[in-house]
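Below is one structure; the comments refer to it alone.
The values are calculated or read from the model by the stated rules, or taken from the named source; none is laboratory data. All figures in this text were calculated on a predicted structure; none of them were measured in a lab. FYI the Cβ positions are ideal-geometry reconstructions off the backbone, even for glycines, and counts take in every protein chain you see. These area figures cover heavy atoms from the full protein model, side chains too; ligands, DNA and RNA do not enter into them. Shrake-Rupley method; radii C 1.70, N 1.55, O 1.52, S 1.80 Å.
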Amino acid sequence: MLFYLGGHNAEIQAQLLVAGATDQLLDLLTTPDDELQMWAVAALRPLLTGNAKATEKCLSNGGLFTLTTLLASPSADIQGHALAAIVTLISTC
C-alpha cells in the first residue's frame, strides 16, 4: 500500500526507486496470490508515470512481458491495472 500511496509524490517516489521498489514490485507480479498481484501492479503504475529511470528498469527486467501475461489473468482488476501500467510504460518511453 505504501508503494501505491507514495507513487504520486516525487520525493517519496525517488526514495522508493532508490530502495529498489521497481524490482520488488516486478517480482510480486508473478506471485500466485491474486490480491498481491493486484496491489503490486496498481503500485507499479504511479512509479512509472513520467519516470524514465523506472521505465527503463522495468523494461530491461522483463516488466513489459510480465505485464502482458497479466492481461490473461482471470481477475478483471488485475487486467485493468496491467493495461494501465502498459499504457504508462508506452507513454513514458
Can you tell me which residue within region 53-70, out of those that are farther than 19 Å from residue 30 by Cβ and open to solvent by 70 Å² or more (accessible area, probe 1.4 Å), is modelled with the highest pLDDT?
56
In region 71-93, what count of residues is obtained for those that are surrounded by 12 or more Cβ atoms within 10 Å (Cβ to Cβ) and more than 14 Å from residue 45 (Cα to Cα)?
3
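Within region 17-31, take every residue that is part of a helix (DSSP H, G or I) and not charged (D, E, K, R) and give me the one that is most open to solvent (accessible area, probe 1.4 Å).
Within region 17-31, the subset part of a helix (DSSP H, G or I) is 17-18, 21-28.
Still in the running and not charged (D, E, K, R): 17-18, 21-22, 24-26, 28.
Values: 17: 41, 18: 131, 21: 2, 22: 2, 24: 94, 25: 2, 26: 18, 28: 56 Å².
The residue in question is 18.
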Sort out for me the helices (runs of 4 or more DSSP H) sitting completely within region 32-93 that have 3 or more residues that are within 26 Å of residue 11 (Cβ to Cβ).
34-48, 52-60, 76-92
